Amino acid sequence: MSPVRKKRFYMVLLLLTGVSIATFLIIQAFSQNMMFFFSTTEVKQGKAPADRDFRLGGLVVNHSVQRESGSLKVHFELTDSQTPVKVEYSGILPDLFREGQGIIAKGRLNDQGVFVAKEVLAKHDENYMPPEVADSINKAQLASSEPVQP
Amino acid sequence: MIPEIGHFSLILGLGFATVLAIFPLWGSYKNNSAWIALSRPAAFGQFLFVGLSFACLVYAFIDNDFSVKYVAANSNTQLPMIFKVSATWGAHEGSLLLWGLILTLWTFAVSLFNRSLPESLNAKLLATLGLVSIGFLLFILITSNPFERLLEVPQEGRSLNPLLQDIGLAIHPPMLYMGYVGMAVSFAFAVAVLLEGRLEMAWARWTKAWTLIAWAFLTLGIALGSWWAYYELGWGGWWFWDPVENASLLPWLVATALIHSLAITGARGTFQSWSLLLAILAFALSLLGTFLVRSGVLTSVHAFTSDPSRGVFILLFLVVVVGLSLTLYSANAHKVTHSKKFSLFSKESLLLFNNVILMAMMATVLLGTLYPLILDALGLAKISVGAPYFNSVMLPLTVPLAIFMGFGFAAHWKQDQGISLLKRMSLPLILSLMTAILIPLLILPDVQGLGILGLFMSAWIGFSALYWLLRGQQGHFAKPSLQLVGSSLAHIGFAVTLTGITITSLYSIEKDIRLAEGDSYHIQQYEFRFDGVKQKQEANYLASEGSVTVLENGEFIAHLKPQKRTYLTQGMPMTEAGIDAGLNRDLFVALGERLQDGAWSVRVQYKPFIRWIWLGSILMALGALLVLAAHIRNGRRSA
């Protein structure tokens, strides 16, 4: 190879190596940090992973919110209007967290089947419903209204 | 009557945009100077009438004209005057009108300042901007008319979302849009050059000047958004990798690459086609950002409304713009390229490597933002990727970026020697290593590997820029050129931001605690004493106002008043944090909620160096403007 060619070859080789490393890193990080969404019904059916964080969405069940006295621990239930799931969280809840509101929680299930939330998200608009939650409610209602075979 | 004038002006603006898009372009192919000459008056008319239309909307807000649907939905007689004005761009329709107004402003500015450009290139440039304008104004008129009237006029408006009742709304969107839409100018330059199909050396210099202004605005706009989120809705966070934040970061990354690529094109004449491609990409990503924010496909604080027809229109617009410009690019790019040899180790190659890294960062953010949306749209799965994904990719990409940034400054064009470069830069290298080790040892509470790495990168970027500025090309101190001062300042600004990011991320302390009246809580040398909560009434909200006295080593330093507000019109709760700001640390207190026994849940935070993140952005923007000033001066000298 002529010196010019050789240089160009190294240049391309260097760039390709860099780009491949970056691509590898990106895909690796992506698959490790991907978080799936599950509705409460899906969680009860055992579809959610046991050893991995996921997002759980639903409406906060009326009269289910209970604070432990003397700490910041709070217990509540989420539902897609058919199946409720127990959630526990420790910390400050968002401003728009209230009973009847659609929210999304990030965390994982413990051995008792309680969802331990690390983060609770409610959006900054009182009429807002997270699309995932709206979707899961629609599905749950559709499923329950299907005619039952005798 | 006024809203109708506004609506009609907007239609007239569209008329001028059409004239601007057709006649100069036609004239440039037919060599008809009279038609080309129409471009300036058309650009002016377009700006005038879209401006008038915008003024009418502002007037409708000030006038409490609730017969206009958009005003009724976003304003209220109780709203303070400044928020009535800024509510104009507080929701979908008005923010698009602002987008349109800024586009016509940019177009008008280009038509004023580009008199020394060749006539035919100029015609194509303004025509391209006219075409973009047609797309946007049509979008507003067809899907998002802000002047739509209500048949039944309500007595009172629904008022602005309380989150937006803040000075942040007054300044963040206009700044950001100036940056976003400014990319349209770089894009139009690229398209004009490609249409012209001739190598035009002037275009790199011209495009660089316009890109610099847009980039400065974009930088400030993003920083303002981060600062606003920090004190208003973030509970102390300054960046969430929220899709909408990502949407503003994408064009920023590409524009940063573009400025550096244009620097090579301007100085050495190479990288023409790469610069053209970046200019197209930067604007495409601005449009994508608009699509993401305005179509309602996102779950985000920014996306309050959703209307599928709007999304479809922008998506279509995006596809047309990107499709046409890329077709043009593939057909004509070879005509405007001009290759020159440069060595594997040179300023060009270092700048090229960093361009590639910036593109990799862009791809990272794009993947994390779009992939979940695409999966969802196809009904395959609902997934999301959070901050850990972005952080774990961005960090390893920033390391080589920072190293090349330092060396790129001092490297010679065309060819350089590694050893000699290392020798030239040995002083800043040693200083940076010392800083990275000594600061954690002496000042910070503990030594962390990532902290040393982050501080080393920041120090290296900062010191190399500073050193090169003082040392000069000749090896002794000489009065540096304005260009060098500007670019050094921008690099130093980035170093300041990176320092802030490093220290805030690693050394912040955040505690959610339960405090009753009289309780104290300690973080390091700071004591937060909770003196209870009082009720307060303001014009449009009720507030529970906490009182927190902060002591440092027993001495009084601040009295913080965090609030929990309930806005009367919407009945919506809002948290207003109490912040004691400082150059080397912020102390942050926010009220959670009242617990059963009269105590409150409180978030207390110690945020070291967080101000540096935004301070650095201001330096970056200033640096860009100095480089621009140097450009203008040199241009005048050579003309």
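The values are calculated or read from the model by the stated rules, or taken from the named source; none is laboratory data. Just so we're clear, the structure is a prediction, and the values are computed from it rather than from any experiment. Counting neighbours? That spans all protein chains shown, and the Cβs are built from the backbone with ideal geometry, glycine included.
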Being outside any strand (DSSP E or B) and small (Gly, Ala, Ser) is the filter here; which residues of segment A:31-77 pass it?
A:31, A:46, A:48, A:50, A:64, A:69, A:70, A:71
For the list (1) free of Cβ contacts under 8 Å to residues at least 60 places away in the same chain; (2) out of contact with any His (no Cβ under 9 Å at 6 or more places or on another chain), I need the number of the one condition that residue B:200 fails.
(1)
Note: among B:598, B:623, B:578, just one is touching a Leu at 6+ places or on another chain (Cβ under 6 Å), more than 9 Å from every other protein chain (Cβ to nearest Cβ) and over 25 Å from residue B:466 (Cβ atoms), namely B:578
Taking segment B:112-129 on its own, how many of its residues are surrounded by fewer than 19 Cβ atoms within 10 Å (Cβ to Cβ) and either charged (D, E, K, R) or assigned to a helix (DSSP H, G or I) (or both)?
4
Of the residues that make up segment A:20-40, is at least one more than 11 Å from chain B (Cβ to nearest Cβ), under 30 Å from residue B:371 (Cβ atoms) and surrounded by 16 or more Cβ atoms within 10 Å (Cβ to Cβ)?
yes
Give the number of residues within segment B:378-432 that are more than 12 Å from chain A (Cβ to nearest Cβ), touching a residue at least 60 places away in the same chain (Cβ under 8 Å), in a loop (DSSP other than H, G, I, E, B) and surrounded by fewer than 17 Cβ atoms within 10 Å (Cβ to Cβ).
4
Any chance you could count how many residues in segment B:337-364 are farther than 22 Å from residue B:408 by Cα, buried (at least 22 other Cβ atoms within 10 Å of the Cβ) and more than 8 Å from chain A (Cβ to nearest Cβ)?
0
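For (1) at the interface with chain B (Cβ under 9 Å from one of its Cβ atoms); (2) buried (at least 22 other Cβ atoms within 10 Å of the Cβ); (3) of a type outside the set (D, E, K, R); (4) more than 25 Å from residue B:512 (Cα to Cα), each residue gets a yes or a no:
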| position | (1), (2), (3), (4) |
| --- | --- |
| A:46 | no, no, yes, yes |
| A:62 | no, no, yes, yes |
| A:65 | no, no, yes, no |
| A:75 | no, no, yes, no |
| A:79 | no, no, yes, yes |
| A:92 | yes, yes, yes, no |
| A:95 | yes, yes, no, no |
| A:104 | yes, no, yes, no |
Counting only residues that are surrounded by fewer than 24 Cβ atoms within 10 Å (Cβ to Cβ) and not hydrophobic (A, V, I, L, M, F, W, C), segment B:130-144 contains a total of 3
If you go through B:603, B:594, B:585, B:611, the only one that is among the basic types (Lys, Arg) and modelled with pLDDT under 90 is B:594
Of the residues B:82, B:62, B:2, which is aliphatic (A, V, I, L, M), surrounded by fewer than 19 Cβ atoms within 10 Å (Cβ to Cβ) and modelled with pLDDT of 95 or more?
B:62
Take the conditions surrounded by 12 or more Cβ atoms within 10 Å (Cβ to Cβ), charged (D, E, K, R), closer than 24 Å to residue A:118 by Cβ and facing chain B (nearest Cβ under 9 Å) and apply them to residue A:55. Does it pass?
yes
On the given criteria, is residue A:140 crowded, with 18+ Cβ neighbours inside 10 Å, at pLDDT below 90 and more than 30 Å from residue B:229 (Cα to Cα)?
yes
